[in-house]
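Here is the structure we will look at, set down as structure tokens.
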Amino acid sequence: MSASIPQTFAQKALARAAGLPSVEIGQVVDARPDVVLSHDNTAAIRQIWRQFGQEKVVIPERMAVTMDHAVPAPTTRHAQNHAEIRRFAQEQGIRNLFEVGRGICHQVLSEEALVLPGWTILGSDSHTPHFGWLGAFGAGIGRSETATLWATGELWLRVPESMRIELTGDLPAGVTAKDFALRIIGDLGADGGLYRSVEFHGAGIQALSLASRMVLPNMMAEFGAKNAYIAPDDATVDYLLAGLHRRLEREGATEFCANGQCISLTGDPVTVDEELRALIRAGALFPDEGAPYAETHCYHAADLEPYVACPHTVDQVVPVSQLSGVQVQQAFLGTCTNGRLEDLAAAADVVRGRKIASGTRFLVIPASSLVLQDALRAGYIETLLEAGAVLGTPGCGPCMGNHMGIPAPGEVTISSANRNFRGRMGTPDAEIYLASPAVVAASAVCGVIAGPGDL
Amino acid sequence: MTQSGRAWKYGDNVNTDVIFPGKYTYTLRERDEIAAHALEDLDPTFVANVQPGDVIVAGINWGCGSSREQAATCLVYNGVGAVIAESISRIFYRNALNNGLLAIVCPEAARAIQPGDKVAIDLAASEIRFSAGTFRFPPFSPSIMGIVDAGGLVPYVQCKLAAQATAYGDGVR
Ligand code: SF4
């Protein structure tokens with residue numbers, strides 16, 4: 001294929017990952033991801049990897065491991081699992097091991113700037129498309145595939161067709177990126193993006209805060225997408241630069257190498273900053289004008305409102321204004337989708353000076369230790385606790401039914417998470433509604449599903 | 001290669017949480033334990049009655065949700081030979097083939113097959129045959145067939161690594 005034929009982001013990213021000048025849609029490539037993510041499943045993946053008979057994994061420097069899915073360990077078996085992971089990381093020299101309480105994998109790797117624009121990350125977690133927020137190619141894979149990557153450094157991937165979703169205008173007050181994601185999935189179905197690379201474009205996207213941008217690729221996992229993409233801009237680079245500095249300082253690094261260059265960190269700080277910024281920018285990939293899209297969907301921000309996904313699938317979406325009198329026993333604010341500072345701020349704004357309804361519990365779990373510290377400093381935690389919220393250790397919490405906030409059979413939870421499948425939170429007899437942080441907080445105050453406008 | 005078995009039929013958007021509940025994913029590791037919870041929240045009669053070679057037949061987006069590989073292995077450990085669906089989520093699709101479980105997208109067959117039908121899958125001819133007719137599905141690419149023939153990704157990669165070790169004469173890479 002000649003380089004002059006316009007290409008999608010997925011084509012460019014997978015060509016880079018496969019070390020090829022260009023690739024065609026539908027082509028199967030052997031990709032070498034820059035980062036391979038695993039979490040509490042690392043010990044189980046190790047068990048598979050051992051069947052390859054290797055002493056050492058071939059890509060320790062490309063691995064990132066977080067303990068986040070059941071933290072702090074709720075049972076002895078979970079604790080043994082974590083202990084095995086620590087031993088494995090130690091024996092394999094895996095530096096990027098993040099302890100219990102540091103936070104959820106996607107949030108932590110973003111904060112640590114372990115993934116940069118244009119890179120490919122494959123993770124044994126279905127929400128790995130998350131990294132599209134910073135212009136990376138992120139896709140979820142299985143455990144055998146992750147073990148294969150540890151053993152060989154590469155994995156087959158098919159170059160997907162792309163779908164373009166455009167947003168124009170600014171979101172109305174009280175409407176969030178979560179509402180936009182729910183609207184897309186509600187309109188097009190839980191399989192609407194099946195196997196697609198979903199590219200977000202338009203001034204409405206670039207107007208979103210970084211925390212809001214993170215919601216969109218994250219939620220595209222519920223749309224069936226392989227990966228998702230938002231073009232990185234100056235704000236993205238600033239965020240990653242700050243994270244990079246924090247990490248390199250902690251590691252005591254004197255040099256940073258990536259994208260084929262090495263930068264000495266010992267020189268004049270202003271120059272180092274400029275060089276790092278240029279290095280991050282140099283890796284960014286942008287789809288060409290006129291690239292082939294299988295579908296395009298356009299939304300006007302002004303037409304959106306707060307939505308709720310009703311049990312038991314993410315595409316059962318209705319405006320919150322149409323749900324009346326649904327009682328909730330539990331409201332849960334957190335997860336990789338909506339557990340960031342701006343989410344805690346939105347919830348604090350809603351509950352300030354109010355009390356959580358009796359008969360309802362409000363569980364708040366920040367997505368990371370950094371989010372928790374920032375929220376403490378900003379006073380959001382105090383506001384939430386004063387209203388009657390309960391605070392959990394940064395991590396996934398009850399999102400996938402492991403612990404810390406499991407509903408009883410017959411109970412209803414409204415959650416800022418991404419998935420409301422039957423049984424997701426531990427029992428098939430509980431109902432889960434999904435919404436934005438503001439709607440979750442307003443529902444906690446009202447005891448029934450409500451929008452912030454209903455208070 | 002032809003295999004056959006009875007059909008277990010399910011609907012649209014069957015997700016990994018009902019195929020293999022998330023609460024077990026970090027504690028259960030043994031084959032029998034994993035097999036025992038297959039389809040627990042979807043069809044409690046499944047584990048007691050499934051027979052080796054049986055086939056799962058489903059609507060759109062089978063296996064959506066989590067990347068958990070046990071959603072595929074819990075079926076393999078119960079002897080399920082194939083999943084035939086109108087569409088299959090991409091991670092489930094990979095996990096299935098990577099564990100030697102045939103994942104076949106064939107909307108016509110998925111709609112026509114009824115619960116309990118005896119279904120035969122002929123890989124060489126890319127055909128699904130049962131009482132109501134014969135349906136063709138797109139053949140698997142040679143690279144996927146390589147994995148399926150090896151019995152899954154792990155044995156496939158074991159072979160590849162062994163071949164490399166022989167070629168380079170240096171054992172473990
Ligand atoms: S917060 Fe929930 S969706 Fe996100 S990584 Fe954890 S378990 Fe998965």
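Applying the criteria of a DSSP loop state and at most 15 other Cβ atoms within 10 Å to the trypsin sites (Lys or Arg not before Pro) of the range A:213-260 yields no site. Between the helical axis of A:369-378 and the longest alpha-carbon principal axis of chain A there is an angle of about 50 degrees.
Bridges between two residues of the range A:311-454, per DSSP, are antiparallel at a rate of about 5%.
Around residue A:293, with a cut-off of 11 angstrom between Cβ atoms, what is the net charge of the other residues, counting Lys and Arg +1 and Asp and Glu -1? In short, -2. Looking at the range B:1-148 alone, DSSP beta bridges between its own residues are antiparallel in about 50 percent of cases.
Among the trypsin sites (Lys or Arg not before Pro) in the range B:101-167, which ones are in a DSSP loop with at most 15 other Cβ atoms within 10 Å of the Cβ? Mind listing them? Provide the component values of the computation, followed by the final result.
On the way: sites: B:111, B:118, B:129, B:136, B:160; in loops: none.
Passing both the DSSP loop test and the Cβ count: no residue.
For the segment A:361-368, counting C-beta atoms of other chains within 10 Å of every residue's C-beta and taking the mean gives 0.
Using only atoms on other chains, find how many Cβ atoms lie within 10 Å of each Cβ of peptide B:146-159 and report the average. Numbers along the way, then the final one.
Values: counts 1, 2, 0, 0, 0, 0, 1, 9, 10, 1, 2, 10, 4, 0.
Partner-chain Cβ atoms within 10 Å, mean over residues of B:146-159: 3.
Shielding value for B:14-22 is 6, the average number of Cβ atoms from other chains within 10 Å of each residue's Cβ.
Quick one: net charge around residue B:121, please, counting Lys, Arg +1 and Asp, Glu -1 for every other residue with C-beta under 12 Å from its C-beta.
Working: positive: B:118, B:129, B:136; negative: B:54, B:122, B:127.
Here the count lands on 0.
Summarising the overall dimensions of the range A:311-454 from its C-alpha atoms, the Rg and Dmax are 13.6, 39 angstrom.
Pick out, in residue order, every one of the chymotrypsin sites (Phe, Trp or Tyr not before Pro) in the range A:118-203 that is DSSP loop and has at most 10 other C-beta atoms within 10 Å; say none if there are none. Write out the running numbers ahead of the final one.
Values: sites: A:119, A:131, A:133, A:137, A:150, A:156, A:180, A:195, A:200; in loops: A:119, A:195.
Answer by residue number: there is no such site.
If you average the alpha carbon positions of the range A:107-127 and of the range A:192-221, how far apart do those two centres end up, in angstrom? So the separation of the two Cα centres works out to 15 Å. Each principal axis of the Cα atoms in the range A:76-130 has its own extent, and those three values, largest first, are 38, 22, 18 angstrom. Residue by residue, the range B:74-84 carries 3J(HN,Hα) couplings of 5, 6, 4, 5, 9, x, 4, x, 7, 10, 10 Hz when phi is fed to the Karplus relation 6.51 cos²θ - 1.76 cosθ + 1.60 (θ = phi - 60°); x denotes Gly or Pro.
Each listed q (0.09, 0.11, 0.12, 0.22 Å⁻¹) maps to a log10 I(q)/I(0) for the range B:2-139, found by the Debye formula over equal Cα scatterers with no solvent: -0.22, -0.34, -0.40, -1.40.
Using θ = phi - 60° in the Karplus curve 6.51 cos²θ - 1.76 cosθ + 1.60, the 3J(HN,Hα) couplings for the range B:106-116 round to 8, x, 5, 5, 4, 6, 7, 5, 9, x, x Hz; x is entered for Gly and Pro. Helix A:341-351 and the long axis of chain A differ in direction by around 0°, with both axes built from C-alpha atoms.
Hey, any idea what Rg/Rh is for the range A:119-278, computing Rh the Kirkwood way over Cα pairs?
Values: Rg = 17.8 Å, Rh = 17.3 Å.
Checking Rg against Rh, the ratio lands at 1.02.
Within chain A, all pairs of alpha-carbon atoms sorted by distance into 20 Å bins from zero give the percentages 26, 59, 16, 0.
With an 8 Å Cα cut-off and a minimum separation of 6 or more residues, compute the relative contact order for chain B in percent.
Answer for chain B is 23 percent.
If packing is taken as the average count of other Cβ atoms within 10 Å, what order do A:338-344, A:316-322 fall into, highest mean first?
On the way: A:338-344: 27.4, A:316-322: 16.6.
Going by the mean number of other Cβ atoms within 10 Å, highest first, we get A:338-344, A:316-322.
Helix content alone sets the calculated 222 nm mean residue ellipticity of the protein assembly as shown: runs of n ≥ 4 DSSP H residues at -39500 (n - 2.57) each, divided across all residues, give -10000 deg cm²/dmol. Relative to the longest principal axis of chain A, what angle (0 to 90°, nearest 10) does the C-alpha long axis of helix A:9-18 take? The answer is roughly 50 degrees.
Where a number appears in this text, it was derived from the coordinates with a stated rule and is not lab data. Worth saying up front: this structure is predicted, and the values here are computed from it rather than measured. In this analysis, Cβ positions are derived from the backbone assuming ideal geometry, glycine residues included, and neighbour counts consider all displayed protein chains.
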